[in-house]
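Asks: I'd like to ask some things about the structure below.
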Amino acid sequence: MHYVMTDIHGDYYHFMKMLDEVRFSGDDDLYIIGDVIDRGSENIEMLSFCMRYENVHLIKGNHEYFMELAGQGRLPEAQWKRYGGSKTLRQLSSMAWFEREELNEYIESLP
């Protein structure tokens, strides 16, 4: 089965409830059409989930692009916060630099 979602915005709890509801499994494919981060409080959990599974395909949305630009120093953090990135930034700041780097590399690799 193929599933498509978008605009999850760090709501990992309800995202997982939805996957349980449809009985998502390793035989299925999930395409997430951007915006798994920002606004919600479980942004890193969302990115980690997308990174972990080969059958989950994340396409970079504008919020992932803001993270990419901020990670490259091309978008001031204050501006990203205005776009809803405060909670993502807070979560990233509590991580080790190599963990942040791994997430940044993942975001940069997305189509």
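The values are calculated or read from the model by the stated rules, or taken from the named source; none is laboratory data. Bear in mind the structure is a predicted one, so any value in this text is a computation, not a measurement. Protein only, heavy atoms only, side chains kept; ligands, DNA and RNA dropped before computing areas. Shrake-Rupley method; radii C 1.70, N 1.55, O 1.52, S 1.80 Å.
Asks: Given the convex hull over the Cα atoms of the chain, what projected area results after averaging over all orientations, in nm²? Could you put the intermediate results ahead of the total?
Replies: Values: hull surface 25.5 nm².
The number I arrive at for the chain is 6.4 nm².
Asks: Can I ask one more? Which whole-number percent of Cα pairs in the stretch 1-44 have a distance greater than 12 Å?
Replies: Values: 573 of 946 pairs.
Counting pairs separated by more than 12 Å, the tail of P(r) holds 61 percent.
Asks: Can you give the accessible area per residue of the chain, in Å², using a 1.4 Å probe?
Replies: Details: 6480 Å² over 111 residues.
Counting only protein heavy atoms, the per-residue value for the chain is 58 Å².
Asks: Just need the Rg to Rh number for the stretch 31-84, please, alpha carbons only, Kirkwood Rh.
Replies: Numbers: Rg = 11.5 Å, Rh = 11.6 Å.
Using Cα coordinates only, the ratio equals 0.99.
Asks: Using a 1.4 Å probe, how large is the accessible area of Tyr106, given in Å² and rounded to the nearest 10?
Replies: Here the residue's solvent-accessible area equals roughly 40 Å².
Asks: Additional query: Once amide H atoms are placed 1.01 Å from N in the peptide plane, what residues at a sequence separation of 5 or more from Tyr3, or on another chain, have their amide H within under 5 Å of its amide H?
Replies: Residues meeting the criterion, in which the H sits 1.01 Å from N, are Asp29, Leu30, Tyr31.
Asks: Which angle from 0 to 90°, rounded to the nearest 10, does the C-alpha axis of helix 12-22 make with the longest principal axis of the chain?
Replies: 20
Asks: Please compute the contact order of the stretch 1-102 in relative form: average sequence separation of alpha-carbon pairs under 8 Å and at least six residues apart, divided by the residue count, as a percent. Don't skip to the end; give the middle numbers.
Replies: Values: 142 pairs, mean separation 27.7, N = 102.
Relative contact order comes out at 27 percent.
Asks: Let me ask something else. Could you work out what % of the accessible surface of the chain is carbon and sulfur, using a 1.4 angstrom probe and leaving DNA, RNA and ligands out of the count? Please list the in-between numbers first.
Replies: Details: 3270 of 6480 Å².
Using a 1.4 Å probe with all protein chains present, the chain comes out at 50 percent carbon and sulfur.
Asks: For helix 62-71, what angle does its Cα long axis make with the longest principal axis of the chain, in degrees from 0 to 90 and rounded to 10?
Replies: Approximately 40 degrees, to the nearest 10.
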